[in-house]
1. Would you work out the Kirkwood radius for the range 173-269? I mean one over the mean of 1/r across all pairs of different Cα atoms, in Å.
2. What do you get for Rg/Rh over the range 264-332 if you use C-alpha atoms and the Kirkwood form of Rh?
3. Residues with beta-carbon under 15 Å from that of Asp627, excluding Asp627: net charge, scoring Lys, Arg +1 and Asp, Glu -1?
4. Looking at this model, which pairs from Lys177/Lys618; Lys316/Lys378; Lys131/Lys210; Lys42/Lys195; Lys195/Lys342; Lys519/Lys618 are more than 25 angstrom apart at the alpha-carbon?
5. Between Thr14 and Leu559, what length comes free when the chain is fully extended (0.36 nm per residue of separation minus the Cα-Cα distance, one decimal in nm)?
6. Starting from 0.36 nm per residue, how many nanometres of slack lie between Leu194 and Ile99 once their C-alpha separation is accounted for?
7. May I have the pair-distance distribution P(r) for the range 547-590, computed from all Cα-Cα distances with 10 Å bins from 0 and rounded to whole percent?
8. Let me check I've understood the local charge: for Ser603, count other residues with C-beta under 11 angstrom from its C-beta, Lys and Arg +1, Asp and Glu -1. What total comes out?
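Laboratory data are not the source of any read-out in this text; all were calculated from the coordinates shown. What you see is a predicted model, and the numbers here were worked out from it, not measured in a lab. Reconstructed Cβ throughout: ideal geometry from the backbone, glycine too, with neighbour counts over all protein chains shown.
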Amino acid sequence: MATTIPRPYRRILTSALHRRFVHASALSLLVNYVVAFAIGTKTSFLWSWFPLGACGLRTVLLFIASLGVFFIRVAQMHAGPRTTVSPVATFRHIFPLDIVQTFAWYMFSAWWFSEVYLWSVPTEADLGWVKLDRLTDRTTLNERSIYLHTYHMTLAVVQAAFHLYCDYDRLTIPVTKRTPGSKDKRTHVVDPVLKRINGALVHCAVDAFKKAAAVTAASPFIYVLFLRRPAWNFSLFFAKLFWNFSRAAAEPQNKMPPEFYNLFYRQIISGVGLVFLWQTANLFFTVFITQEPLKRGQPLTTDAKDPTGSLINGLKAKKEFVKSYAFWELCFISQQFSDRRKAIFGDIDREGGSAWKQVLEACIEHVSSVTGRINNYKNPPSTITAAPPPLKKEANVSYPQLQTLPHLTEAPKQEDIFAPSPKANGFGDSFGARARSYGHSPDWTPAATAKAREALGQASNMLLSPERKKALLSLGGSDEEQKLLPAPPPPPTPARSQSSFNISSIPFVAQFLRSPIGKPFRQTYAQRLCSIVFGTPYGQLSSIVDAIESIAQLLIASLTEDSFGQVQTDIPRVINLFTNTITTLESFISDDAANGGLDIHWSDVTFPPSNKPEAQAKARRDVVDVDIVLSTLKSSLAELLAAFERYQREVGLQSKDIRLAKAAVGLQEGDGNE
C-alpha cells in the first residue's frame with residue numbers, strides 16, 4: 001500500500017499551466033511592444049522604439065488591455081466542444097455570467113487602450129478630453145475624443161460577440177481519427193508551438209483589419225443615430241470631476257457632429273492594433289495551454305512522490321478540464337512509457353483496490369457513459385415516484401388526545417353512499433336508470449356489451465375531455481362501469497413524440513429557418529446526436545477517445561508486462577463493452593426513429609428529405625465526432641481480437657463473444673487468427 005498521500009492531479013496540472021501562461025504572456029508582451037511602436041509618435045528615431053523610453057511605458061500599459069482577455073479565458077476555459085442542441089440553448093447556458101464578464105472585460109480593455117492611445121498621439125491631433133471654445137473661451141468637451149472612445153467601445157462589443165459565438169474559450173485539443181494499418185497511434189497530433197503560431201498570425205492580422213474596417217465604416221451612423229447623446233452625457237459626468245463646465249456644455253454644441261473624415265486613418269490604425277492584441281492574446285493562450293501533458297519529455301506526474309496515485313486522482317476528478325488532461329496523460333503512458341505501465345500493473349496493494357482496477361473502472365465508466373446516455377434517450381426515466389407505504393399503527397402505542405376546534409358543520413353521513421338512488425324524475429334520469437338496469441342484468445350478451453361500450457365511448461369522446469375521463473375513472477366504482485368508459489390514450493413517449501403536422505412545411509417558417517436569422521433556432525441532427533453521445537453542455541470527445549485507446553493498449557501490453565496476471569480476467573469484460581458500445585452507437589445513427597434511432601427535429605431544414613433515403617443515411621453517418629469514436633472503438637477492438645483470440649480459453653473468452661466482436665468490427669469468421 002502506498003505510504004504517502006498522492007498529490008492531487010489538479011495541483012500538478014496547475015503548476016504546468018502556470019509555466020505555459022507565463023510563456024503566452026511573454027509573447028503577448030512582444031506584440032504589445034509592436035503595437036506601442038505603431039501608435040506612438042515618430043519625432044525621434046531612437047526614442048520611438050527604445051524599450052526604456054515612452055515606447056516601453058506604452059507597452060506595459062497596453063499589456064493591461066491584453067490581461068483582460070487572459071482573465072476571460074482563465075474564468076471560462078473548457079476542453080470539449082459545445083454540444084447544446086441549438087445556439088439559443090447555448091445562450092441560455094452562458095447567460096448571464098459568461099456574457100456579462102465577457103462584455104465587461106472587453107469594454108474595459110477597449111477603454112484602457114483608448115486612454116493609452118490618446119496619451120500617445122501628438123497635441124496637433126486635437127484628441128484631448130476637453131478644449132477651449134474659440135468664441136467664448138469656455139471649457140467644453142472634445143467630441144473628437146468622445147467619438148474615438150465610442151468607436152473602440154463598439155469594437156469591444158463586436159469582439160465580445162465573436163468571442164461568445166465562435167467559442168474562443170474552448171481549448172481545442174485535436175483528435176485524430178484512427179485508420180487501419182496506421183503506424184502513428186497518437187490520438188492527438190499536436191503541431192509544435194512555433195508552427196501553430198506562424199500559421200495563425202497572418203489570419204489574426206487579416207481578421208483584425210476586416211473588423212476594424214467594418215466598424216470604421218459603420219461607426220459614424222451608429223454614433224449619430226444612437227450613441228451621441230449617451231456618450232456625451234457619460235463623458236461629461238466624469239469630466240466634471242476635473243474641470244468646470246458651464247450650463248451650455250450640457251449638450252453638444254451643434255446638431256450634427258464635426259467632420260470625422262480626418263479620423264478615419266487613426267481609426268484604422270488604432271482599431272487594427274486593438275483587435276490584433278485581442279486576437280493574439282487568444283491565440284497564445286490556446287496554443288500554450290493545449291500543449292501535450294508532458295514535462296521535459298515525460299508525463300506530468302513523473303516527478304510526484306506517488307505518480308500512479310496522482311494520475312488516478314486526476315482520472316476521478318470532478319472537473320472535466322482536469323479529467324481530460326489526466327486521460328490524455330494516461331493515453332501517452334499506455335502507448336510510450338513501459339516503466340509507468342509496469343508500475344500500474346505491479347501496484348496491487350493500494351487503498352481502494354489495485355492501481356489497474358482503479359484505472360480500468362475510470363476508463364470503463366467513461367466509455368459506458370455513451371451507451372448510458374443513448375439508453376436514457378430511448379427510455380427516459382420515469383419521474384413518477386411511488387407513494388410511501390402507510391404507517392402501521394401499533395397496538396400498544398397510546399397517542400395523545402388533540403384539542404380540536406368546535407365543529408361548524410354536521411358530521412359526515414354514516415349510511416351507504418353506494419346504495420341505489422331514489423326513483424328518478426324526468427326523462428333523462430329514468431333513461432339512465434333503465435340503461436343501468438340492462439347493464440347489470442345477467443343476460444347481458446357480449447355483442448350488446450361491445451355495442452354499448454362503443455356508443456358510450458363515442459359519447460364520452462364528444463362530451464368529456466381526456467382529463468375529465470381520467471378524473472372520473474379515478475373516482476372508483478364497479479369494474480363494469482370502468483370497462484364501459486374508455487380510458488384516455490397514454491401520453492406519448494418524449495423520445496418518439498412527433499406531430500403529424502410538420503411546422504417547417506409552412507413556407508415562411510421554412511424560409512425563416514434557412515435564413516441567417518433563423519439559424520440560431522435550428523436543432524440540427526448532428527448537434528442533437530453529439531449532445532446525446534457526448535453529453536451537454538460540453539462534449540467529452542477527447543477523454544472518451546483516450547479512455548478507449550488507453551484500455552486497449554494497456555491490455556495488449558499486459559501480455560509481456562503484467563507479471564501478476566491480474567489483467568487477463570478483465571479482457572472479456574472490455575471486449576464485450578466495446579462490442580456493445582459499437583452495436584448501440586451504430587444502430588442509433590443508422591436507424592430512423594421508428595426503429596430506435598434518433599428522430600429528425602422539425603426545425604432541421606438542412607437535413608435531406610424523406611424521399612432521399614441514401615442522402616439521409618449519409619447525413620446520419622457523416623457526423624465527424626461520432627465517426628471518430630466509432631473508428632477508435634473498431635480499431636481498438638480489432639487489435640484486442642488479434643492479440644487475445646489465440647488465448648481465448650486462458651482469458652475466458654467465449655466463442656459467442658468473439659463472433660459478436662468480429663461482426664461489430666466487420667471481420668469475417670477466421671480473420672485475425674494466426
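1. Values: mean 1/r = 0.0531 Å⁻¹.
Averaging 1/r across every pair of different Cα atoms and inverting gives 18.8 Å.
2. 1.30
3. On the way: positive: Lys177, Arg178, Lys618, Arg620, Arg621, Lys634; negative: Glu586, Asp622, Asp625.
So the environment of Asp627 carries a net charge of +3.
4. Numbers: Lys177/Lys618 18 Å; Lys316/Lys378 28 Å; Lys131/Lys210 33 Å; Lys42/Lys195 33 Å; Lys195/Lys342 35 Å; Lys519/Lys618 22 Å.
Going by Cα-Cα distance, Lys316/Lys378; Lys131/Lys210; Lys42/Lys195; Lys195/Lys342 fall outside the 25 Å limit.
5. Working: separation 545, 0.36 × 545 = 196.20 nm, distance 3.53 nm.
The span from Thr14 to Leu559 would gain 192.7 nm if fully extended.
6. Numbers: separation 95, 0.36 × 95 = 34.20 nm, distance 3.20 nm.
Contour length minus the Cα-Cα distance gives 31.0 nm.
7. 25, 46, 21, 8, 1
8. Working: positive: Arg514, Lys519, Arg522, Arg528; negative: Asp604.
Around Ser603, the surrounding residues sum to +3.
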